[in-house]
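Taking it in order: structure first as C-alpha cells, then the write-up.
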C-alpha cells in the first residue's frame, strides 16, 4: 500500500502500513469530473442516504437534508448557477446537500415551543457540520461502490437562485452539490498530493513554525504533479491558492454569502 | 445486513442489500463515550491523518489543521472547557479539528500578496467544510480499525479559552473535538435510529410535506429506542430537540460564537 501513500504525499518512499479495504477507499479518493453515460444501479441512492444518516449529528438534531436531482433540465440550470460546470450535466445523479433548520422550526411551530437558537451563528454551524458529515459518508459509500464523486462549492455562488430552483423553505440553503456517477475510464482522475503531515498535524499545541517549510516542500511536490499530469498551471501552489482568495472580485458572488443567508432566513446572530 | 438497516431506522423489516466492508463500517457507526485504558497501536495517528488529508478540499486550499492531544492535564483542562465531559479525560487520543486560515495568511504575507477573501463568511464556510470532511474521514478510518470515536461540539463553548490552551494563531479556531480510543466492551454503545429516509431525501425539489409525518414515525421509533436502552428521557424526540434550541440560555456560551470568532480574527463579512 506504499503506492497510495506515495501518491497522496508525492513522496519517493512511504511507510509500509497494512491498509484495510476502508482505508484503501479513503486514501484512493480523487475528484471525478468525467462520467460514463450510464445509470446507477438500483437502490444506490438509498444506500448512500443510509450511509449519510449514519454519520454523527450534533445532539441528534439531524439538521440537514438533501435534494436528489436527475432531471436533465434542472441539472442544466444548476450547472449554469455554478459557473457552468459541465460535469453537473454529465453525471446521472446530482445531490444538493442542505443545511436544514426548517424541520426544527416546523416541529416547534406545531408544539408551540420557542426555538430562538435557530437565529444564531452556532445553529448555522451545527447545520453545516451535520450536512458535511452526512455528505462525506455518502461520498465514501459511493467510492466504495466504485462510483466517482466531486463536490460543487459553486452552489454558494447564487444561493437564492438555487433555493428558488429547489423550492427550499426559509431557514434552509444549498451548502454544496455533489456529482455522482461511473467514472469515465478514458479520462481517469489522478490522486492529488496533499501537504506533508507535519503541516496539518500539531502535537499538544499549534506550532506556527510548521507553516512555511512544509509548504515549500509541497510547492515542489505540486510543481512535479502539474508536470506529470500535463497541466499548465500558472505559478506555484501558494501563488494560485492566494490568487483564489485575493478578494471579493475573485469570489464568484460568494462575497455576499452572509447577505444571501440572511435573506434565506438564517440570521447569523 | 438487514440488521444494520433495522438498527439505523428502528424498522421491523429492512431491504436486503448486500454491503461491502466500507458500507458496513459506515452503517455501524455509534458514538463511543466509554474507553478502555489502552494505548493506540503505533502509527494509528499517521493513518488517521492520511485518511483525513485524502478528503476533498475546496480548491485544494486545505484550510484546516488538527491538534493531537495526549497530555492528561491538557485533556483535563479541555474537558472542563467542554462542560466537564469525562470521556475527553478517558480517551487516549483527543483531536481538536481547526478551521485554519492562518496558513494562507502566512503564505500571503511571505509573498506580499492580498488575501482579502479571508475576511468573508465564505472562507469561514470553506474552512468549516474542509475541516469537517477531513475529520469524518479520520472518524471512518478509526472505526474501520475497530476504534470508537465521539465528536465534541463543546469546543465551541469557550473558543477563546480553547485557542489560548492550544496556542492558536489568529484566523484559526477549534471547530470541534474528537475522542478516539478502544471502546469499553463493558459499556457498549448502541446504533441510534435516525429519521426515516423520506424525511431527509427530497426528489428534484424540497417537499415540505415530508416534515411532520416522518417525524411522527420517528418520535415513536425513538421512544421505543429509549425504552430498549433503559434511558430516562424527558418527553419525545422533537420536544427535547426543541428544548436544546429554545434560546441563548440553553447554548452553553455558544450564543456568543460570532463575537468569539471575530476576536479570533475571523471577520465574517
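The values are calculated or read from the model by the stated rules, or taken from the named source; none is laboratory data. These figures come from a predicted structure and were not determined experimentally. Here the Cβ positions follow ideal geometry from the backbone for every residue, glycine too, while neighbour counts run over all protein chains shown.
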Point to revise | Lone unmet requirement of (1) surrounded by fewer than 18 Cβ atoms within 10 Å (Cβ to Cβ); (2) more than 27 Å from residue A:60 (Cα to Cα) for residue B:28 | key: (2)
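When residues of segment B:100-120 are filtered for being more than 7 Å from every other protein chain (Cβ to nearest Cβ), surrounded by fewer than 23 Cβ atoms within 10 Å (Cβ to Cβ) and in a loop (DSSP other than H, G, I, E, B), how many remain? Can you show your working first?
Step one: filter segment B:100-120 for residues more than 7 Å from every other protein chain (Cβ to nearest Cβ), giving B:100-102, B:105, B:109, B:112, B:119.
In the following step, the residues that additionally are surrounded by fewer than 23 Cβ atoms within 10 Å (Cβ to Cβ) were identified as B:102, B:105, B:109, B:112, B:119.
Add one more test, that the residue is in a loop (DSSP other than H, G, I, E, B), and what stays is B:112.
Matching residues across segment B:100-120 total 1.
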Check your understanding: Before we move on, is residue B:71 facing chain A (nearest Cβ under 9 Å) and either more than 30 Å from residue B:7 (Cα to Cα) or over 18 Å from the mean Cα position of the chain (by Cα) (or both)?
Key -> yes
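On the basis of being crowded, with 23+ Cβ neighbours inside 10 Å, part of a helix (DSSP H, G or I), touching a residue at least 24 places away in the same chain (Cβ under 8 Å) and at the interface with another protein chain (Cβ under 9 Å from one of its Cβ atoms), does residue B:78 make the cut?
No, not satisfied.
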Study note, to complete from the structure: residue B:141 meets each of (1) facing chain A (nearest Cβ under 9 Å); (2) touching a strand residue (DSSP E or B) at 6+ places or on another chain (Cβ under 8 Å); (3) closer than 27 Å to residue B:30 by Cβ; (4) surrounded by 24 or more Cβ atoms within 10 Å (Cβ to Cβ) with one exception, condition (2)
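Among the listed residues B:162, B:150, identify the single one that is under 30 Å from residue B:72 (Cα atoms), facing chain A (nearest Cβ under 10 Å) and under 18 Å from the mean Cα position of the chain (by Cα). Give the derivation first.
Details: B:162 fails: facing chain A (nearest Cβ under 10 Å).
Within the list B:162, B:150, the selection yields B:150.
Taking the condition of being under 23 Å from residue A:104 (Cβ atoms) and more than 13 Å from chain A (Cβ to nearest Cβ), how many residues in segment B:173-182 meet it?
Total meeting the criteria: 0.
State all residues of segment A:28-44 that are more than 20 Å from residue B:19 (Cα to Cα) and touching a residue at least 60 places away in the same chain (Cβ under 8 Å); if no residue qualifies, say none.
In the first step, residues of segment A:28-44 are kept if they are more than 20 Å from residue B:19 (Cα to Cα); the result is A:30-38.
Result: A:30, A:31, A:32, A:33, A:34, A:35, A:36, A:38.
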Review point. Which of (1) assigned to a loop (DSSP other than H, G, I, E, B); (2) over 30 Å from residue B:238 (Cβ atoms); (3) facing another protein chain (nearest Cβ under 9 Å) is the odd one out, the single condition residue A:41 does not satisfy?
Key: (3)
Review point. Can residue A:23 be described as modelled with pLDDT of 90 or more and in a helix (DSSP H, G or I)?
Key: yes
Review point. Mind checking whether some residue in segment B:224-233 is surrounded by fewer than 19 Cβ atoms within 10 Å (Cβ to Cβ) and touching a helix residue (DSSP H, G or I) at 6+ places or on another chain (Cβ under 7 Å)?
Key: yes
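Results for (1) within 30 Å of residue A:96 (Cα to Cα); (2) touching a residue at least 40 places away in the same chain (Cβ under 8 Å), shown as yes or no for each residue.
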| site | (1), (2) |
| --- | --- |
| A:154 | yes, yes |
| A:164 | yes, no |
| A:173 | yes, yes |
| A:180 | yes, yes |
| A:200 | yes, no |
| A:213 | no, no |
| A:224 | no, yes |
| A:243 | yes, no |
| A:255 | yes, no |
Practice item. Would you please name the residue that is nearest to the other protein chains (Cβ to nearest Cβ), looking only at residues in segment A:5-15 that are out of contact with any helix residue (DSSP H, G or I) (no Cβ under 6 Å at 6 or more places or on another chain) and in a loop (DSSP other than H, G, I, E, B)? Key: A:15
Practice item. With respect to residue A:23, determine if the residue is crowded, with 19+ Cβ neighbours inside 10 Å and more than 10 Å from chain B (Cβ to nearest Cβ). Key: no
